[in-house]
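All remarks here apply to the structure that follows.
The values are calculated or read from the model by the stated rules, or taken from the named source; none is laboratory data. Predicted, not measured: the structure shown is a model, and the values here were computed from it. For neighbour counting, all protein chains shown are included, and Cβ atoms are generated from backbone atoms with ideal geometry for every residue, glycine included. Accessible surface areas use protein heavy atoms only, side chains included; no ligands, DNA or RNA. Shrake-Rupley method; radii C 1.70, N 1.55, O 1.52, S 1.80 Å.
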Amino acid sequence: MTTADPLARPANAAVPEVPTEPPAASTSLSKPRFAGIAAGNLLVLLDTSILNVAVPDVQKSLHPAAAALPWAVDAYTVVFAGLLLAGGVIADRWGARRVYATALGLFAVLSVVCALAPGVGALIAGRALLGAAGAGLVPASLALLIHLNPDPARRTRAIGAWTALSGLGAAAGPVLGGALVELGGWRLVFLVNPPIALAALLLARRLPAPPVRAGRALDRPGLALSTGGLGLLTFGLVEAGIEGWDSPQALVPVAVALVCFVALAVAERRVASPVLPPALLGLPKVRAAMVAAAVSCFAYFGGMYMFALWLQHTYHLTPFKAGLAALPIVFPVCVMPFFTGRLVARYGPRPILLTGMSASVVSGVLLAFAVGQHPPLPLILAAELTLAATGTLSIPGAAAVMAVSAPPEYAATGQGALNGIRQAGSALGVAVLGTLGALTTSGYVLIGIGLVAVLVVARATTKPST
């Protein structure tokens, strides 16, 4: 959620709207309200993984071009990442409850549109629009959760439960998606969303409305350049995995993406309310948190997508069995956030962050030994578990670093940027690891980025000598 500095409010700004009712964490309606908020975020994470095991069925049904197939998965994440900061600004300006309800309704309708897609182009467009709806759901959901729990201790526990229950969406995605594909094909994967969205709307219909604040001006050029740059970069990486790194289809989009990022850096220095404030990005620990978040999501979500495809193609597993085989990498997300928060509170974020980054290196080493047509399944299981450790340790650790390092006036912006870079890492992980083909090659990539992340995080989080 992005909030404005009240001291910077224009003189002619409207008086903040009074909440329709006070926060009611202690009322009997608290649990249904929490369930309504958590259900919306669970829906967003469910759609990050539920389509992975359905990709081969989409390929058989729609016969897409090789370059288009990864976009059926990636279009959702790319748009979600690019618009996440905008979603926070809009929730502050228009009201979190209104944005949440609208985004839930759109998510339900767009899911039906995806299920009825006649071709891969329509499916990709529908997935992109679903990402836009998800970008409205997440910051509004967190704003409502914070307002529902004004007590700091209760709020911390609620956010931990919100994170763990939301992780259930990512964990259930491969298994549920595989079962639905076997039951009636890939289109059923999208028809699971409308009932969940309707249930969330019914549970959250009496949520208290946080006050509407005079928000920052929307940085349209910054959002357009960041979203465009990410999309072009991801497209170029996908093409590089298919056509080769020397192909024009890969080099041109990557070059244009770099131009977008340079233009973004220039533009952000000239706007009053940049989407990524330079004062925030100039802090070493903030940059370390963003590197850790990006690398952990690159490894975790890219690895999840890679294993879903590889298990089906190599061992000829059914989609449902492939989903079950993915449980070692997704189930810990439902459990570990409850414990990771306690570990961070006891030992600090630095050792947790470094352990998580090191786990990605270990996973890469294991995959580097996965030679041959049918490498041992225990080796694959160990690689999945270490990737799960990367996600469940590094992401909460990065959030803790951001929380203590970001200036108070940029606290919400810092968390929004962290979530945005996480989704960017997820998109790039699917684009790269999903197109490399060989597990050994993916292992070398994980070793390389993991080692760089360990060095960056270790240096940036070292306490300065006195």
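Which FRET efficiency value, to the nearest 0.05, is calculated for residue 249 and residue 113 with the Förster distance at 22 angstrom and r the Cβ-Cβ distance? Efficiency at R0 = 22 Å is approximately 0.20. Of the peptides 255-263, 45-53, 451-459, the ranking by mean beta-carbon count within 10 Å, highest at the top, reads 45-53, 451-459, 255-263. Solvent exposure of the range 340-381 amounts to 54 Å² per residue of accessible area, where only protein heavy atoms count and the probe is 1.4 Å.
When the Cα atoms of the range 89-135 are aligned to their principal axes, the ranges along those axes come out at 37, 16, 9 Å in descending order. For the peptides 278-285, 119-126, residues were scored by their other Cβ atoms within 10 Å and the scores averaged per peptide; the highest-first order is 119-126, 278-285. Per atom type, the range 236-280 shows carbon and sulfur on 69% of its accessible surface, probed at 1.4 Å. Kindly identify the range 245-372 as rounded, prolate or oblate by the Cα gyration tensor criterion: order the square roots of the eigenvalues as a ≥ b ≥ c, call it rounded if a/c is under 1.5, otherwise compare a/b with b/c, prolate if a/b is larger, else oblate. Since a/c reaches 1.5 but b/c is at least a/b, the shape of the range 245-372 is classed as oblate. Computed extension gain for residue 339 through residue 444, at 0.36 nm per residue and net of the alpha carbon distance, reaches 34.8 nm. Scaled against the 2.2 N^0.38 Å expected of a compact globular protein of N residues, the Cα radius of gyration of the range 33-153 reads 1.15.
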